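See structure below.
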Amino acid sequence: MQTRREMMARSAAVASLLATAGFLPMAARAEWPKSAFEAKNMADAVKALGGSAPVESKDVTITGPDIAENGAVVPVGCATALPGVKRLLLLVEKNPSVLAAVFNVTDAVEANLSTRVKMGQSSNVFAVAMMGDGKVLYSVKEIKVTLGGCGG
Amino acid sequence: MADPMRIRAQAAGDKTTVRVLMSHEMETGLRKDSAGKVIPAWFIQEVTATHNGKPVLSADWGPSISKNPFMQFVVKGAKPGDKIAVTWVDNKGDKRTDEATVS
Amino acid sequence: MSKQILVGVAALALCAGVSAQKSTADGIAEYRKMLEDGNPAELFEAKGEELWKQKRGPKNASLEACNLGQGPGVVKGAFVTLPRYFADTGRVQDLEDRLVTCMATLQGFDAAEIAKTPFGRGEMANVTALATWVAGMSRGLRFNLPQSNPLERTSYEIGKRAFFYRAGSHDFSCASCHSEDGKRIRLQDLPNLTKNPGDGIGFAAWPAYRVSNGQMWSMQLRLNDCYRQQRFPYPGFASEVTIALGTYMGVNAKGAESIAPAIKR
Amino acid sequence: MNIPYRLILGIALVGALLAGCATGPSPAELDAQAQKVIKTSFRDQGIVKANWLDQDLGLSACSSDKEPDPATADRIMAEALKSVKWPTGGQYMGDWRAGEKLAQSGRGMTWTDTSLDPKENGGNCYNCHQIDNKEISYGTIGPSLWNYGKNRGVTDPAAPATAPIVQYTWVKLWNAKAYSPCSNMPRFGHKNLLNEQQLRDIMALLLDPKSPVNQ
């Protein structure tokens, strides 16, 4: 385990290395997909990312708890074993910004990602896989958000 | 300058599980302070990861990602001693890169 | 629970309620388990370690000579013996109070100024990060507060009395919520702090990262917010009542394994 | 070693014996020290004043792990019952929907709140009680109130036959110490935590046959 001082010293070097290497995904994406994050539902978000109409599929998995003790941090994951996946998306149906995350995957990583999202209320959560052949597949899970604490 | 990330990269067989914790407010832009003024949006928009300098993953995030974000992914073929680096960039243009050695 | 089941047997409707409740409890347990891997408290531990080693303050010194009760610079094992009596200050101190003493004597910070700073700001945020790291250095160790000094025993007795002291608009005391086994507020389990609540529960879990607001909470902040919700007036940082309560809970937790810093709703 | 034996004896009998074998301050001295520590450790903050630490008879008699003696307990209950104000015009029932909202809210009377007006306060009910069983997030410090009215046979809260249970419930909400000297329940009416209309609304949540609690 290196010390953080070393890590910080290295970070500048790493950053410049990435810049000179011409960081491919960054260059390819150009910029943050604002319209997708402003979409009010899953279909619109997928459309804004250039995808077709999503179809429910058992080949995409969404993981998360049935009940979250607090909506501020809800652990969720998306995965698929299908070959040729380009992007994995996580969406929370009842959030003001429905799209939570877009993961642009390469062959060097598994199509299996986890993060934590905020949920304002109980809601459906979607995992979407955008495939290389143009197909868009999704699965859905309802996560309940409970009221916690004394509320004072 | 933003606080450092915590990156743990652990190899098991030919797969390396990477867990990243980032120090960030992830403010949605929808909350109000005690005086009723809207707190401006401030969140990480882009996350990228490299394995020995080679890009393996990038992500676009919205304000729905939790404060002090966590992300887990699995890199194929990474071995102990390899370097995993993660970079984030937020909507104000702040960025931070940290690196960990696969154990 | 057994009482609930008995009542359930008497009334079918209630019985259904119990089984629904059980699946809720399972769901919450699953949620908590999922959060354990990747506790943002780690970010604060890292910051605390750096603050401990960094030369700072008017005297441009690190905290590496700070005596937390195990000798100068000894961090491992200190957390599970605090609060305790310190001869140099002549009083019983908890971790945060002791850290402020070290910041004042070694680094030249103004202790009274730090004590007045709101939680999460300036040097107070640094005290919290330091406490988080110091606590983490005793992860897996068992609580064993000394009670050999008379002031330590007095602190325990005062803490016990403060624990049961009812007041405020709602007539609450600490004991209103924390003196019986198996109780909850909403879905939150309430540790019984009048005795040893077990490994990693109650006193053995704080500092903790609070998911609800994304903040790192030290024991002082934990007690401060308990008193807020108890509808009590504002307890001063490291005031005698907060340290006495720490002694009471810490002595009661004897033998419990520390999991601090934990992650909490 | 006869010290443990003497200790056990001391606990089993009276505090006087225990004091006899203790080496530090006596229990009475510790009581006085604790009072002093409590008085000096807190300060005013926002709407909450340091004098909120002051105790009446009931609170001081219920501030240890021991119950008050029977005479004191009787006095606390009698004084509590005397404190109860009955609703204007004998109107006990309000709107159960408003009652449910109050039951859900745990707000009010902390130093981060800004008003002492009961209108700003919640009832905190779900913090400690199961009420409508559709709400899964409920506390267990108090008993379940699911089917509160139904279980007590209330089909018409205005009927004379139900008057005793209606009045009992009003007293419980106004000053729970009338029935249990060290009750954990806040004295919602007596301490002006909820106003008369708010209490009526919670009454309806518990007793109205149309309330979801009684389905």
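The values are calculated or read from the model by the stated rules, or taken from the named source; none is laboratory data. The structure displayed is predicted, hence computed values, not measured ones. Cβ placement follows ideal geometry from the backbone for every residue including glycine, while neighbour counts extend to all protein chains displayed. For accessibility, only protein heavy atoms count, side chains too; no ligands or nucleic acids. Shrake-Rupley method; radii C 1.70, N 1.55, O 1.52, S 1.80 Å.
For segment B:6-21, give me each residue that is closer than 25 Å to A:Asp107 by Cβ and either within 17 Å of the chain's Cα centre (by Cα) or not in a loop (DSSP other than H, G, I, E, B) (or both). Quick ask: steps written out before the conclusion?
Initially, segment B:6-21 is screened for residues closer than 25 Å to A:Asp107 by Cβ, giving B:7-20.
Listed by number, the residues that qualify are B:Ile7, B:Arg8, B:Ala9, B:Gln10, B:Ala11, B:Ala12, B:Lys15, B:Thr16, B:Thr17, B:Val18, B:Arg19, B:Val20.
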Q. Just to be sure, is C:Glu157 within 30 Å of D:Ala28 (Cα to Cα) and open to solvent by 10 Å² or more (accessible area, probe 1.4 Å)?
A. yes
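Among the listed residues A:Leu91, A:Leu137, which satisfies the condition of being surrounded by fewer than 21 Cβ atoms within 10 Å (Cβ to Cβ), modelled with pLDDT of 95 or more and either assigned to a strand (DSSP E or B) or facing another protein chain (nearest Cβ under 9 Å) (or both)? Step through it out loud before you land on a result.
On the way: A:Leu91 fails: surrounded by fewer than 21 Cβ atoms within 10 Å (Cβ to Cβ).
A:Leu137 is the lone residue from the list that is surrounded by fewer than 21 Cβ atoms within 10 Å (Cβ to Cβ), modelled with pLDDT of 95 or more and either assigned to a strand (DSSP E or B) or facing another protein chain (nearest Cβ under 9 Å) (or both).
Listed here are the residues, each with its yes/no results for (1) at pLDDT 95 or above; (2) of a type outside the set (D, E, K, R); (3) within 24 Å of C:Arg184 (Cβ to Cβ).
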| site | (1), (2), (3) |
| --- | --- |
| D:Asn127 | yes, yes, yes |
| D:Lys172 | yes, no, yes |
| D:Ala176 | yes, yes, yes |
| D:Pro209 | yes, yes, no |
| D:Pro212 | yes, yes, yes |
Filter segment C:163-178 for residues that are open to solvent by 20 Å² or more (accessible area, probe 1.4 Å) and in contact with a strand residue (DSSP E or B) (Cβ under 9 Å, 6 or more places away or on another chain); the one that is nearest to D:Gly142 (Cα to Cα) is C:Cys177
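For the structure I just gave you, tell me whether B:Val56 is in a strand (DSSP E or B), of a type outside the set (Gly, Ala, Ser) and within 7 Å of another protein chain (Cβ to nearest Cβ). Give the steps one after another, and end with the answer.
Details: in a strand (DSSP E or B): yes; of a type outside the set (Gly, Ala, Ser): yes; within 7 Å of another protein chain (Cβ to nearest Cβ): yes.
Spelling it out, B:Val56 is indeed in a strand (DSSP E or B), of a type outside the set (Gly, Ala, Ser) and within 7 Å of another protein chain (Cβ to nearest Cβ).
Scan segment C:196-204 and tell me whether some residue there is aromatic (Phe, Trp, Tyr) and either farther than 25 Å from C:Thr117 by Cβ or open to solvent by 10 Å² or more (accessible area, probe 1.4 Å) (or both).
Pass one, segment C:196-204, residues aromatic (Phe, Trp, Tyr): C:203.
Those still in the list that are either farther than 25 Å from C:Thr117 by Cβ or open to solvent by 10 Å² or more (accessible area, probe 1.4 Å) (or both) too: C:203.
The answer is yes, given that some residue of segment C:196-204 is aromatic (Phe, Trp, Tyr) and either farther than 25 Å from C:Thr117 by Cβ or open to solvent by 10 Å² or more (accessible area, probe 1.4 Å) (or both).
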Only one of (1) within 14 Å of chain C (Cβ to nearest Cβ); (2) buried (at least 21 other Cβ atoms within 10 Å of the Cβ); (3) in contact with a helix residue (DSSP H, G or I) (Cβ under 8 Å, 6 or more places away or on another chain) does not apply to D:Cys128, and that is (3)
Note on segment C:49-70: residues open to solvent by less than 20 Å² (accessible area, probe 1.4 Å) and either assigned to a helix (DSSP H, G or I) or more than 14 Å from C:Leu130 (Cβ to Cβ) (or both) are C:Leu51, C:Trp52
Please verify whether C:Ala135 is among the aliphatic types (A, V, I, L, M), open to solvent by less than 10 Å² (accessible area, probe 1.4 Å) and at negative phi, treating the condition exactly as stated. yes
Consider D:Gly90 carefully, then state whether it is in contact with a Phe, Trp or Tyr (Cβ under 8 Å, 6 or more places away or on another chain) and either closer than 28 Å to D:Arg43 by Cα or surrounded by fewer than 19 Cβ atoms within 10 Å (Cβ to Cβ) (or both). no
In segment C:207-225, anything away from chain B (no Cβ under 14 Å) and either out of contact with any Pro (no Cβ under 9 Å at 6 or more places or on another chain) or in contact (Cβ under 8 Å) with a residue 60 or more places away in the chain (or both) is listed as C:Pro207, C:Ser218, C:Met219, C:Gln220, C:Leu221, C:Asn224, C:Asp225
Counting only residues that are farther than 19 Å from C:Val241 by Cβ and buried (at least 18 other Cβ atoms within 10 Å of the Cβ), segment C:142-154 contains a total of 1
Picked from segment A:71-88 (must be surrounded by fewer than 24 Cβ atoms within 10 Å (Cβ to Cβ) and closer than 30 Å to C:Gln188 by Cα), the residue farthest from the other protein chains (Cβ to nearest Cβ) is A:Gly77
Subset of segment B:15-55, residues without any contact (Cβ under 8 Å) to a residue 24 or more places away in the chain and under 30 Å from B:Asp82 (Cβ atoms), comes to B:Lys54, B:Pro55
All conditions in (1) open to solvent by 20 Å² or more (accessible area, probe 1.4 Å); (2) at pLDDT 95 or above; (3) within 25 Å of D:Met185 (Cα to Cα) are true of C:Met219 except (3)
Subset of segment B:59-96, residues surrounded by 21 or more Cβ atoms within 10 Å (Cβ to Cβ), within 14 Å of chain C (Cβ to nearest Cβ) and among the aliphatic types (A, V, I, L, M), comes to B:Ile65, B:Met71, B:Val86
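Residues are listed down the side, and each one gets a yes or a no for (1) open to solvent by 10 Å² or more (accessible area, probe 1.4 Å); (2) hydrophobic (A, V, I, L, M, F, W, C); (3) part of a loop (DSSP other than H, G, I, E, B):
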{"position": "D:Pro164", "(1), (2), (3)": "yes, no, no"}
{"position": "D:Leu173", "(1), (2), (3)": "yes, yes, no"}
{"position": "D:Pro181", "(1), (2), (3)": "yes, no, yes"}
{"position": "D:Asn184", "(1), (2), (3)": "yes, no, yes"}
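Check segment D:44-63 and report whether any residue there is more than 22 Å from C:Arg231 (Cβ to Cβ), in a helix (DSSP H, G or I), at pLDDT 95 or above and touching a Pro at 6+ places or on another chain (Cβ under 8 Å). Break it down into steps so the answer makes sense when it comes.
Taking segment D:44-63 as the starting set, the residues that turn out to be more than 22 Å from C:Arg231 (Cβ to Cβ) are none.
Within segment D:44-63 (the criterion being more than 22 Å from C:Arg231 (Cβ to Cβ), in a helix (DSSP H, G or I), at pLDDT 95 or above and touching a Pro at 6+ places or on another chain (Cβ under 8 Å)), the answer is no, since none of the residues qualifies.
Which ones in segment D:41-50 are within 8 Å of chain C (Cβ to nearest Cβ), open to solvent by 20 Å² or more (accessible area, probe 1.4 Å) and not charged (D, E, K, R)?
Applying the first criterion (within 8 Å of chain C (Cβ to nearest Cβ)) to segment D:41-50 yields D:41-45, D:48-50.
Imposing the further condition that a residue be open to solvent by 20 Å² or more (accessible area, probe 1.4 Å) reduces the set to D:43-45, D:49-50.
Across segment D:41-50, the qualifying residues are D:Gln45, D:Ala50.
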Out of (1) in contact with a strand residue (DSSP E or B) (Cβ under 7 Å, 6 or more places away or on another chain); (2) more than 7 Å from every other protein chain (Cβ to nearest Cβ); (3) farther than 30 Å from C:Leu43 by Cα, the one C:Asp199 does not meet is (3)
